[in-house]
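Report on the structure given below.
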Amino acid sequence: MEPRFFSDCQARIAVELISGRWPMVVLYALADGPARPGELRKQIGGISQKVLTETLRRLEYNGLVERRRYAEAPPRVEYSLTTPGRDLLIPINALGDWAAEHANTVLDAQHSPNTSTA
């Protein structure tokens, strides 16, 4: 039987781009337009400066966010979504809608005495 799923399929690449705790949150925070790192930290509760910087660099490396540096004193940096980053908001919003509808069911299942851990 031929394999139907491959480790390098495009869908898997897309999921890896937003996997982890912060990438989707940072992308969503940039939905309203460019923002400085300090502004993003105020919008996103619980993210450290180090983790925000790492997340922004990863998103920039993958072409979802662009960094713009202004030649000012002190230097100012802003991040904004690229076209692929803006387009990724469509499935992120759909996932958010799904979570709003089904998160409690998932949490209940996780805490059910009949559920085994994987």
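General remarks:
- Within the stretch 1-37, considering residues that are aromatic (Phe, Trp, Tyr) and not in a helix (DSSP H, G or I), the one nearest to ARG68 (Cα to Cα): TRP22
- Contact map, the stretch 82-109: residues that are surrounded by 10 or more Cβ atoms within 10 Å (Cβ to Cβ) and acidic (Asp, Glu) paired with residues that are at pLDDT 95 or above and not in a helix (DSSP H, G or I), Cβ distance under 7 Å, separation 6+ or inter-chain. No pairs are found.
- Residue check for ARG86: touching a strand residue (DSSP E or B) at 6+ places or on another chain (Cβ under 8 Å), closer than 21 Å to LEU27 by Cα, modelled with pLDDT of 95 or more and charged (D, E, K, R): no
- Extreme residue, nearest to LEU59 (Cα to Cα), among residues of the stretch 38-47 that are part of a helix (DSSP H, G or I) and either among the charged types (D, E, K, R) or touching a helix residue (DSSP H, G or I) at 6+ places or on another chain (Cβ under 6 Å) (or both): LEU40
The values are calculated or read from the model by the stated rules, or taken from the named source; none is laboratory data. All values derive from a computational prediction rather than experimental measurement. Reconstructed Cβ throughout: ideal geometry from the backbone, glycine too, with neighbour counts over all protein chains shown.
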